[in-house]
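Visitor: This is the structure, below, for whatever I ask next.
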Amino acid sequence: MKPKKHLSFGSLHNFMSNHIHQYPDWRQENKNDYSIHDAVMSGFACMYFQSPSLLQFQKELEDKEKNNNMRTLFGVSDIPENTQLRNIVDKVDSEYLRPVFKEFLARLQRAKHLEQYQFLDGKYICNIDGTQFFSSNKVDCPQCLTTTHKNGDITCSHKVLQGVIIHPDIKQVLPLMPEQIVNSDGTSKQDCEINASKRWLLKVKKDHPRLNLIINADGLSSKQPFITEVNQVGYHYIIVAKQDDHKYMMEWIDAFDSIPSKSVVDAKGKRHEYEWVEDIPLNGRKDSIRVNFFRYRIISIDRNGKEKINYKCSWVTDLPVNTETIEIMVKGARKRWKIENECFNTLKNQGYCIEHNYGHGKENLCFNMYIFTLLAFYFHQIFELTDRIYQACRIKFGSKRHMWEKLRTAIGWFVFESWDLLLDFVLTPTKYSKPLRKVSG
Ligand SMILES: [Zn+2]
C-alpha cells in the first residue's frame, strides 16, 4: 500500500472545502460579512488543531501568523468572530456533511486501505454505540433529551449513535456518519438509542450499498425488531445476549444434554472456554427469529488451585458458528470496546475535548461541532494509516497531546504553505533554522 495523493491533507481538505462552498446561502445578499465556508472551516480548524477552547483559538487567530495559516491550510479568507461563527454553524444542516464521510471511506477503499479491515469473507465489523456529547442543567432546546432527577432537577443532553468500522488487529477505526438521538418536533415520546440505530442503519445502507457490514452491538440491541431490520438491509450481526435478558433462549439451551464446545489453554495457563449452538429461537414468540448462539469464558487458576472466572460473555449472530469459526467470532465480538476506547475516549480525553461546551445553539450547533470533531479525528486516523510523515511525528512526540501542542505553537510563529511543510518543520526543525540576525535600522 502506497500513500495515495487523494488521501493527503490537501486533497481531503479540498473535497470538504469545495463541498462546503456549495452550501446554499440562506441569508440576504450583500448583508453577509462572512461566508458559510469560512465559518464552517474555522470551526473545523479549531477541532483539527485540538484547541480546548473555541474562543481562545478564535482570539489567537487574530494573530497575523495564525490568520495567514488559516488561509494557506484551510482556505479561509476571513475568520468570523466567535458569535458569528456559532450563529452560522448553528444553521448549517448537519446532514450536509454526510457526503464527506462517504467520500473518505470510498477513497480508502479505492487506495486498497479498506481491504485490511475485512474480517470474514469480505465482511467488515461495524461497532455501534451511543454516546453523550452535550449535557447541561440550564440550556435546552426542543430537541434536547431530558432526564428528571429524584429532586426534580432536569438535565438536558444531546446524544449520538455512532458507527465505526474496526478490525481486531488494527488500532485505527473508521467512523461513519453519526445519527443524532434527538427529539423531533411534535413527538411527546423521547427518542432512544435503538430507534436512532434503526434510522442509522437505513442511511448507512443508502450511503454504502455494497459494503457488507457485521453490526457489532451491545445487549440493548439483541431484540427481534432490531435484528430483523439488520437482516432486511442485508447486513449481518454479532450482538451481546445477556442471560437475564433472554430467559426463554437460555432455557432452550439448557434443555440440550450438551452443546458443542472447545477449550484452549494459553501460554499463561489461562483456559479459554467456547460453547455454541446454531439455529435456536431468540424468544418465545410464535414468529421468533432463529439465531446462532455462542458464549465464552476465560478461567484462571489461583495459587490454591481454585478456578476463577476472569471474563464471560455471550452473543447471538446470524453468521456460522462452528469449531473453525468460533475463536475468530469471539475475537471480533470482544472488540466492541474499540468504539469506546479508540473512538469515544480519544474524542473525549485525548485533546479533542468533545464534551467541552462549545455552545448549544438553537438548531444544530452542538451536533455540528461533534461532527467537526469526528471529521478531524477521521483525517488523523487516515494519516495514521497512510501518511509516513504524520506517522513519524506520532513516534517522535509520543503523546498526541504533545504533538498537537507543538503544531499549535508552530502555526503561532510561522506561516506554512502546506500541512506537509508544517509536519516536516516540527519533525526536523533544524532543517529550517538559520541564526537570526538583528535587522539594521
Ligand atoms: Zn438541546
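Visitor: Look at Val76 and say whether it is within 20 Å of His21 (Cβ to Cβ) and within 16 Å of the ligand (Cβ to nearest atom). Please lay out each step first, then the result.
Guide: Working: within 20 Å of His21 (Cβ to Cβ): yes; within 16 Å of the ligand (Cβ to nearest atom): no.
Considered against the rule, which asks whether it is within 20 Å of His21 (Cβ to Cβ) and within 16 Å of the ligand (Cβ to nearest atom), Val76 comes out as no.
Visitor: A further question follows. So, in segment 10-47, how many residues would count as being among the aromatic types (Phe, Trp, Tyr), at pLDDT below 95 and under 19 Å from Lys102 (Cα atoms)?
Guide: As a first pass, look at segment 10-47 and keep what is among the aromatic types (Phe, Trp, Tyr): 15, 23, 26, 34, 44.
Going one step further and asking which of them are at pLDDT below 95, we end up with 23, 26, 34, 44.
Restricting the remaining residues to those that are under 19 Å from Lys102 (Cα atoms) gives 23, 44.
Within segment 10-47, residues that are among the aromatic types (Phe, Trp, Tyr), at pLDDT below 95 and under 19 Å from Lys102 (Cα atoms) number 2.
Visitor: Something else: Is it true that Leu211 is among the aliphatic types (A, V, I, L, M), in contact with a strand residue (DSSP E or B) (Cβ under 8 Å, 6 or more places away or on another chain) and in a loop (DSSP other than H, G, I, E, B)?
Guide: Details: among the aliphatic types (A, V, I, L, M): yes; in contact with a strand residue (DSSP E or B) (Cβ under 8 Å, 6 or more places away or on another chain): yes; in a loop (DSSP other than H, G, I, E, B): yes.
Yes, satisfied.
Visitor: From the list Lys348, Lys406, exactly one residue is assigned to a helix (DSSP H, G or I), modelled with pLDDT under 90 and closer than 12 Å to Gln50 by Cα. Which is it?
Guide: Numbers: Lys406 fails: modelled with pLDDT under 90.
Testing whether each residue is assigned to a helix (DSSP H, G or I), modelled with pLDDT under 90 and closer than 12 Å to Gln50 by Cα leaves just Lys348.
Visitor: Only one of these conditions is not met by Cys141: (1) part of a strand (DSSP E or B); (2) within 16 Å of the ligand (Cβ to nearest atom); (3) under 27 Å from His19 (Cβ atoms). Which number is it?
Guide: (1)
Visitor: So in segment 416-441, with the set limited to residues that are touching a residue at least 40 places away in the same chain (Cβ under 8 Å) and of a type in the set (D, E, K, R), which one is surrounded by the fewest Cβ atoms within 10 Å (Cβ to Cβ)?
Guide: First pass over segment 416-441, keeping only residues touching a residue at least 40 places away in the same chain (Cβ under 8 Å): 416-420, 422.
Retained after the next criterion (residues that are of a type in the set (D, E, K, R)): 417, 420.
Numbers: Glu417: 11, Asp420: 15.
Top of the filtered list is Glu417.
Visitor: Which one is farthest from Tyr124 (Cα to Cα), of the residues in segment 223-238 that are assigned to a helix (DSSP H, G or I) and of a type in the set (Val, Ile, Thr)?
Guide: Our first condition is that a residue be assigned to a helix (DSSP H, G or I); within segment 223-238, this holds for 224-232.
Within this subset, residues satisfying the condition of being of a type in the set (Val, Ile, Thr) are 227-228, 230.
On the way: Ile227: 17, Thr228: 19, Val230: 14 Å.
For segment 223-238, the residue satisfying everything is Thr228.
Visitor: Restricting attention to segment 353-374, does a residue exist that is closer than 15 Å to Lys171 by Cβ, in contact with a His (Cβ under 9 Å, 6 or more places away or on another chain) and not assigned by TED's automatic domain parsing to the domain that holds Gly234? Before the answer, list the steps.
Guide: Residues of segment 353-374 that are closer than 15 Å to Lys171 by Cβ, as a first pass: none.
No: zero hits.
Visitor: Now for a different question. Quick check on my filter: what residues within segment 239-248 are part of a helix (DSSP H, G or I), in contact (Cβ under 8 Å) with a residue 24 or more places away in the chain and among the charged types (D, E, K, R)? Please lay out each step first, then the result.
Guide: Filtering segment 239-248 down to residues part of a helix (DSSP H, G or I) leaves 243-245, 247-248.
With in contact (Cβ under 8 Å) with a residue 24 or more places away in the chain added as a condition, the list becomes 243, 245, 248.
Hit for segment 239-248 is Asp245, nothing else.
The values are calculated or read from the model by the stated rules, or taken from the named source; none is laboratory data. From a predicted model like this one, the values you see are computed outputs, not experimental measurements. Ideal geometry is used to build each Cβ from the backbone, glycine not excepted, and the neighbour counts take in all protein chains shown.
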